[in-house]
Amino acid sequence: MKNILCSLIILSLALESRGLAQTNTSVSSVLTLADVQKLALQHHPQIAAANYRALAAQEVVKETRAGFFPNVNLYANAVGAENEDARILAGGLNNPSIYDRLAGGLAVSQLITDFGRTANLTASSKLQAQAEMQNANATREQVLLLVNVSYFSTLEAHAVLHVAQQTVDTRQLLLDQVSLLASNKLKSELDVSFARVALEEGRLLLQKAQNNADDAMTLLSTALGYREPRTFQLTDSSPSVFSNTNAISQLVETALAERPELLSLRNEHDAALRFAKSQRDARLPLISAVGMIGDSPSHDAHLPDNYEVGGIQLSLPLFAGGLYTARQHEAELKAQSDNELVRVLEDNIVRDVHIAWLNVNNALEQLHTTEQLVRNAAEAYDLAEARYKIGSSSIVELSQAQLSLTSAQIANTNARYNVLIQQAKLNYEIGALR
């Protein structure tokens, strides 16, 4: 018994340590862009909702297609009449006689032809299901765009935070050096005051950068489908910055062929056309085969022991006050409306692709400019620091050089990740964000 108890204790401790190890691994694991995209696809409720709508649309196809198959119903009656002369004197045009009976049977009906109405309804529902599938793809791309932007924004915020921390460290070192020189009467207290001001400005910058980093992490958590903010360790696995963005015509062609929103609207237009045809076919005859078979184990003497009947039934609407014509015209007008909406969306997509393309090119130009700015600012800071050390310039010039270098580094960081964000937006606009 003691051996069993010891074994259970050891097993529980092993499982607990394994669970802690897994928890620590999940917390300390480094996430790439592909990892966060995978998490979003697994957890985001919008994607799940869109997938459910697509599945529901597929069930509608089964509903409309059911009209091609036989319809079988089971009937059973148990009737007791007060006397043999009982009659129904009001109601429909039916046999008013009522007899005692206990009977059951099956009724079968099979559509022979409705001259295309059910076929058009089924085709319309299939196109609607395809439209919902494209809507699900559109939702997926929207979530991925949000994830990409949040991912790059978080990396950007942490990169700026790193620059701010370096700035504080550099200015703290300068303050320590100036304070030491001032204590030896080699620098004035004015220099110390300026160094302290520069340090406090750096701390303000660090506090703001820390808050922006926390905000970005919160937005990333929401983009991944988590309700509460979580802390992730990200690695900069950003795609390479491309510079060939001159093929705008090819981008537009790709967008018009790949954007899921446009594909969905085109499917809806085609579905509306098929539905309009089904409404036109509603005025045509409907021919069905019907049959019934049954047995009556207990019945009045006037009734047979069993029964069976079969035949062909034709139904043709002759007059309904213009109902069928109005339904057809309504469906045709809605199809025309969908066609115009397709044109509107195509125009908007062409516009959005051009704007995204311009933004990418502008972001690339800003990246090149800020890279040159960082080089110039670093050179100016080195010169200002050397001049200050030999006493040929004031601390004001050195502080200004520090500020210029910090601003240039932050601008370059923002520009680098802005290029990646604008590229993600361009990929979304052309339907290539997968």
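What follows draws every value from the coordinates through simple rules; no lab data is involved. Keep in mind it's a predicted model, so treat the numbers as computed, not measured. Note that each Cβ is placed from the backbone with ideal geometry, even for glycine, and that neighbours are counted across all protein chains shown.
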Worksheet, complete the sentence: For segment 109-152, the Kirkwood Rh over every pair of distinct alpha carbons, in Å, works out to 13.3
Worksheet item: For segment 116-246, what's the radius of gyration and Dmax over Cα atoms, in angstrom?
Response: 26.8, 102
Practice prompt. Just list whichever of LYS38/LYS126; LYS62/LYS277; LYS38/LYS334; LYS208/LYS425 have alpha carbons separated by over 31 Å in the model shown.
Written response: LYS38/LYS334
Practice prompt. Report, ordered by chain and residue number, the lysines lying within cross-link reach of LYS185, taken as a straight Cα distance under 21 Å and ignoring same-chain residues fewer than 8 apart.
Written response: LYS389
Worksheet entry | Convex hull volume per residue for segment 196-238, taking Cα atoms only, in Å³ | 89
Practice prompt. For segment 266-341, state the semi-axes of the equivalent ellipsoid (square roots of 5 times the eigenvalues of the alpha-carbon gyration tensor), sorted largest first and rounded to whole angstrom.
Written response: 45, 14, 10
Worksheet item: How big is the convex hull of the Cα atoms of segment 325-398, per residue, in Å³?
Response: 93
Practice prompt. Just round it to a whole percent: the fraction of Cα-Cα distances in segment 296-434 exceeding 25 Å.
Written response: 68
Worksheet item: How much FRET efficiency would the formula 1/(1 + (r/R0)^6) give for SER392 and LEU204, where r is the Cβ-Cβ distance and R0 is 30 Å, rounded to 0.05?
Response: 0.50
Worksheet entry | Computed E for ALA76/ASN51 - FRET, C-beta separation, R0 35 angstrom, nearest 0.05 | 0.25
Worksheet item: Which of the peptides 136-149, 327-340, 256-269 is most tightly packed, and how do the rest follow, judged by the mean count of other Cβ atoms within 10 Å per residue?
Response: 136-149, 256-269, 327-340
Item to complete: Convert 37 °C to kelvin, take the viscosity as 0.692 mPa s, use the Kirkwood radius over C-alpha pairs of segment 253-310 as Rh, and evaluate the Stokes-Einstein diffusion coefficient in µm²/s, rounded to a whole number.
Response: 195
Fill in: Mean Cβ count within 10 Å, highest first, over the residues of peptides 416-424, 204-212
416-424, 204-212
Worksheet entry | Rg/Rg_ref, segment 175-291, where Rg_ref = 2.2 N^0.38 Å and atoms are Cα | 2.49
Discussion item. I need the peptides 426-433, 359-366 ranked by packing, meaning the mean over residues of other C-beta atoms within 10 angstrom, with the highest value on top.
Written reply: 426-433, 359-366
Worksheet entry | Phi to ³J(HN,Hα) by Karplus 6.51 cos²θ - 1.76 cosθ + 1.60 over segment 337-353, Hz, x for Gly, Pro | 4, 4, 5, 5, 5, 4, 4, 4, 5, 4, 4, 5, 5, 4, 4, 5, 5
